[in-house]
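Inspection log for the structure reproduced underneath, given as C-alpha cells.
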Amino acid sequence: MGIVILRQDDKIDLWKKALLAADPEIPIYSFLEEHPRDEIDMALVWKHPKGSLQHYPNLKCIACFGAGVDFIFEDTERPLNLPITRVVDPKLASDMSEFVLGQILSHLKHFNQYKVDQLKKVWVMRSYQRIEDVCVGIMGMGALGMALATDLLKLNFNVIGWANSPKENINMPIYTGEEQRNKFLAKADILVCLLPLTKNTTGILNEELFRKLPKGAYVINVARGGHLVDNDLIKMLDEGHLSGASLDVFHTEPLNTDHPFWNHAKVHITPHIASVSDIASVTPQLLDNYKRLQSGQPLKNVVSDLKGY
Ligand code: GLV
C-alpha cells in the first residue's frame, strides 16, 4: 500500500509534508523520487504528466487534488475503470465565491477602469450600477455555484442558475437543460461560468451563446479555458455586445504572451487563482478516502465516468 503524488508544479513537497504530518504511517512518495510502483494503490494528481498513471499496476484509485477532473479524463492512457475522486471543500467554495464577488463589484463600480485612468492622470466620473439592479446568472450549480449563489443572495443580488436538474434548498430560479437555456441567458447581466469541463460543455461560451445575453453583459469564466471560444469572445467585445470579461482560466496556462487577451482593454486576466485547494483543509479528506480504500468502504466524492464530473 502507498500513495504517489503526481503534479508538475512546485507543491509536491508541501502536500507530502502535510499528508505525512497527518498520518506518518502511510508510505507517501513524490513521483519524482525512487518509489515502489507496484505498492502504490492511490495516485494523488493535479495536471500529472499524461501517461504517467499507467506505470502503477496495482493502482485502485485516482484522487484529484482539486475540484475539476477534466485533465484526468483527457489522459487517455490512464488505467480505465478506476474510481476517480475530486475535492469538495468549503474553503474551495468560499474562496471561489469571494473571488467572483470581487470581480462583479469591480465591474459594477469600474475599479479596473479607474486604475487605467489613474495611470493616465485622467479624472472621469463613470456612472455605476447597483447590486439590486443587476441579475447574475450562474452556469453550473454544483458545490461552487451553490456557495456563490448563497453569498450573492445575501448581498441582495438577483441571482439565477442554469443546471442539469432542479436544485432544492435554495430560493432562486433555476433553469434546467437546453430548453430553458435561452430564457436563462436573456436575463443574465453578468454570466458566471462554473461548469465542469466535459465533451458537452467544451466551447459552450461561444458567439451563439453570447448573442443570447442582454447587450452589455459581462462574462466571468472561472471554470476552464476549454469552455470559451476565445475569438468569439473578442468579436463580441469588439462589437460592443459584451461590455467586458474577467478570465481566470485559459486553453493554455500560462497564457501565451502573444495571446490577444493580454492587450485587450475589456479583458481582465488573472492567473488561475480564483480558488486553489487549501492544503490544511483538503488533506483530511484525501486521507479519509485512502483509509476507506484500505478498509473497503465506499469512497467519497467519486465522479461519474459517464458524466465526466
Ligand atoms: C481548480 O481549478 C480546481 O479544479 O480545483
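Restricting attention to the stretch 254-263, which residues are within 16 Å of the ligand (Cβ to nearest atom) and either assigned by TED's automatic domain parsing to the domain that holds Asp41 or of a type in the set (A, V, I, L, M, F, W, C) (or both)? Within the stretch 254-263, Leu255 is the sole residue that qualifies.
Among Leu228, Leu237, which is the only one that is within 16 Å of the ligand (Cβ to nearest atom), outside the structural domain of Val69 (by TED's automatic domain parsing) and over 19 Å from Gly66 (Cα atoms)?
Details: Leu237 fails: within 16 Å of the ligand (Cβ to nearest atom).
After ruling out the rest, the residue left standing is Leu228.
Only residues in the stretch 174-189 that are under 22 Å from Asp133 (Cα atoms) count as the first member; pair them with residues that are of a type in the set (Lys, Arg), Cβ under 8 angstrom, at least 6 apart or cross-chain, and list the lot. So the pair list comes out as Ile174/Lys167; Tyr175/Arg181; Tyr175/Lys183; Arg181/Lys212; Asn182/Lys212; Leu185/Lys212; Ala186/Lys212.
Count, please, the residues in the stretch 240-253 that happen to be away from the ligand (no atom under 16 Å from the Cβ) and either open to solvent by 40 Å² or more (accessible area, probe 1.4 Å) or over 17 Å from Arg211 (Cβ atoms) (or both).
We begin by selecting, within the stretch 240-253, every residue away from the ligand (no atom under 16 Å from the Cβ); these are 240-245.
Next, only the ones that are either open to solvent by 40 Å² or more (accessible area, probe 1.4 Å) or over 17 Å from Arg211 (Cβ atoms) (or both) stay: 243.
Adding up the residues that qualify gives 1.
Among all positions in the stretch 254-274, there is no residue which is open to solvent by less than 60 Å² (accessible area, probe 1.4 Å), of a type in the set (Asp, Glu) and over 17 Å from Thr202 (Cβ atoms). Taking Ile190 as the residue in question, decide whether it is farther than 20 Å from Asp230 by Cβ and not small (Gly, Ala, Ser). Against the criterion (farther than 20 Å from Asp230 by Cβ and not small (Gly, Ala, Ser)), Ile190 does not qualify.
Among the residues of the stretch 71-91, those that are in contact with a helix residue (DSSP H, G or I) (Cβ under 7 Å, 6 or more places away or on another chain) and either closer than 25 Å to Val136 by Cα or surrounded by 17 or more Cβ atoms within 10 Å (Cβ to Cβ) (or both) comprise Asp75, Arg78, Ile84, Thr85, Val87, Val88, Asp89, Lys91. Residues in the stretch 56-63 include at least one that is in contact (Cβ under 8 Å) with a residue 40 or more places away in the chain and closer than 30 Å to Asp151 by Cα.
Within the stretch 128-145, the set of residues being touching a helix residue (DSSP H, G or I) at 6+ places or on another chain (Cβ under 8 Å) and surrounded by fewer than 21 Cβ atoms within 10 Å (Cβ to Cβ) comprises Tyr128, Gln129, Arg130, Ile131, Val134, Cys135, Ala143. Tell me, please, whether a residue that is at pLDDT 95 or above and either within 23 Å of His272 (Cβ to Cβ) or in contact with a Cys (Cβ under 7 Å, 6 or more places away or on another chain) (or both) can be found in the stretch 164-182. Among the residues of the stretch 164-182, not one is at pLDDT 95 or above and either within 23 Å of His272 (Cβ to Cβ) or in contact with a Cys (Cβ under 7 Å, 6 or more places away or on another chain) (or both), which makes the answer no.
Can you find, within the stretch 289-309, the residue that is farthest from the ligand (Cβ to nearest atom) among those that are touching a residue at least 12 places away in the same chain (Cβ under 8 Å) and surrounded by 15 or more Cβ atoms within 10 Å (Cβ to Cβ)? Once the filter is applied, the top-ranked residue is Leu293.
With the requirement that a residue be within 16 Å of the ligand (Cβ to nearest atom) and either closer than 15 Å to Ala22 by Cα or touching a Ser or Thr at 6+ places or on another chain (Cβ under 9 Å) (or both), what does the stretch 264-288 give you?
Keep residues of the stretch 264-288 that are within 16 Å of the ligand (Cβ to nearest atom), which gives 269-283, 285-286.
Across the stretch 264-288, the qualifying residues are Ile269, Thr270, Ser275, Asp278, Ile279, Ala280, Ser281, Val282, Thr283, Gln285, Leu286.
When we screen Gly161, Gly140 for residues that are at pLDDT 95 or above and at negative phi, the only hit is Gly161. Checked against the criterion of being out of contact with any strand residue (DSSP E or B) (no Cβ under 8 Å at 6 or more places or on another chain) and without any contact (Cβ under 8 Å) to a residue 40 or more places away in the chain, the candidates Pro284, Pro260 yield just one match: Pro260. All conditions but one from (1) more than 20 Å from His268 (Cβ to Cβ); (2) open to solvent by less than 10 Å² (accessible area, probe 1.4 Å) apply to Thr150; the one that does not is (2).
The values are calculated or read from the model by the stated rules, or taken from the named source; none is laboratory data. Quick caveat, the model's predicted, so the values are computed rather than measured. Positions of Cβ are generated from backbone atoms using ideal geometry, with glycine treated the same way; all protein chains shown enter the neighbour counts. In case anyone asks, the SASA skips ligands and DNA or RNA and just uses the protein heavy atoms, side chains included. Shrake-Rupley method; radii C 1.70, N 1.55, O 1.52, S 1.80 Å.
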